[in-house]
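Report on the structure given below.
The values are calculated or read from the model by the stated rules, or taken from the named source; none is laboratory data. No experiment lies behind these values; they were computed from the predicted model shown. Virtual Cβ from ideal backbone geometry, glycine too; neighbours counted across all protein chains shown.
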Amino acid sequence: MGALTGLVGTGIGYFVVGPLPLDGRAMTKTADKGSDYQMGFKTAWDKKTQSKKRGSFLAGGLLGTAAFVAVYISANSSN
């Protein structure tokens, strides 16, 4: 993503990335718990998975941007 849209695209994507949906295994573990527990678990799940996805997206975007800048500088310094 970073090579295509640079830092602007990385910034936009960082804020657009959402959490992963609850998987079946996680839902099964909370099935016998109360509704407060299930709500808290879902909130924590969303927060944690969104954080992981944002971190991965940011790392990829910054790496792509750095690669683009390195290629651009290399191409311009050979002229």
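So for region 27-46 (the condition being aliphatic (A, V, I, L, M), assigned to a helix (DSSP H, G or I) and touching a helix residue (DSSP H, G or I) at 6+ places or on another chain (Cβ under 8 Å)), does at least one residue qualify?
No, the conditions are met nowhere in region 27-46.
Would you tally the residues in region 10-25 being modelled with pLDDT of 85 or more and surrounded by 15 or more Cβ atoms within 10 Å (Cβ to Cβ)?
So the answer is 3.
Could you tell me which numbered condition Gly18 fails, if it satisfies all but one of (1) in contact with a Leu (Cβ under 8 Å, 6 or more places away or on another chain); (2) outside any helix (DSSP H, G or I)?
Every condition holds for Gly18 apart from (1).
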